[in-house]
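Asks: My questions all concern the structure below.
Here, each number is a calculation from the coordinates, and none is a lab measurement. Computed from a predicted structure; not experimentally measured. All Cβ positions, even for glycine, are placed from backbone atoms using ideal geometry, and neighbour counts span all protein chains on display.
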């Protein structure tokens with residue numbers, strides 16, 4: 001049994017996770033699939049970072065999920081390995097080189113029977129009857145702006161399911177409930193100063209509020225809603241952007257990429 005700072009992992013599972021980190025590291029020498037340059041960072045940041053937020057989620061046998069814009073298989077492959085035989089996944093990406101890497105990694109890890117890889121644009125696949133409104137949950141990590149992840153991800157989810165967007169608040173948002181703790185950190189004060197920290201805190205709070213308010217309203221258009229605190233606790237999800245699916249997504253969603261991209265730019269202008 002391997003115990004990291006964040007999650008307990010059976011030895012056999014950890015062996016495969018380490019092997020997966022090695023595969024990414026070796027492939028990254030010739031084809032850029034991550035900015036991380038050593039296997040330990042890949043293991044800790046990409047792999048454990050994919051598992052940790054969902055480690056308490058209840059995943060009964062037969063659970064299905066989709067990973068949109070999976071890239072090198074993040075977070076889909078770590079989740080498949082961690083949850084084992086209870087879960088089956090679909091990994092979607094449009095990049096041919098990444099698809100080739102995924103197929104090789106899946107074969108090497110011996111998980112062909114629990115995963116399907118699809119090459120294509122997420123917004124187009126979300127219109128296909130075979131995948132629409134059909135998954136227990138969807139995940140998105142570093143795929144696109146959260147608005148795109150929401151609009152492209154929620155249509156895949158069946159009513160009663162959920163979408164999880166990996167989203168971390170930055171340095172200035174962490175620990176600000178206790179300003180004494182932050183401002184007693186000499187290294188932080190030396191680099192930023194307490195006044196700077198408070199300025200950044202307030203600016204980032206405004207940005208995050210604008211973003212989450214917009215996403216909360218838009219999720220209603222897609223047949224869902226952003227979770228309440230109580231709903232998040234029930235799912236055992238304690239960070240990130242989380243949306244529950246209430247009904248079927250209307251046929252006019254997701255919209256064309258150019259339209260969603262325009263809304264993303266408008267949102268960025270509001271936040272700035």
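Asks: What do you get for Rg/Rh over segment 1-57 if you use C-alpha atoms and the Kirkwood form of Rh?
Replies: 1.00
Asks: Test of understanding: what is the full-extension gain from residue 261 to residue 217, defined as 0.36 nm times their sequence separation minus their Cα-Cα distance?
Replies: 14.1 nm
Asks: Rounded to two decimals, what ratio of Rg to Rh does segment 1-133 give with C-alpha atoms and a Kirkwood Rh?
Replies: 0.95
Asks: Still on this structure, I have one more. So if R0 is 51 Å, what FRET efficiency would residue 26 and residue 158 give, r being the distance between their Cβ atoms, rounded to the nearest 0.05?
Replies: For residue 26 and residue 158, the calculated efficiency is 0.85.
Asks: What's the FRET efficiency of residue 112 with residue 45 using the Cβ-Cβ distance as r and R₀ = 30 Å, to the nearest 0.05?
Replies: My answer for the efficiency is 0.70.
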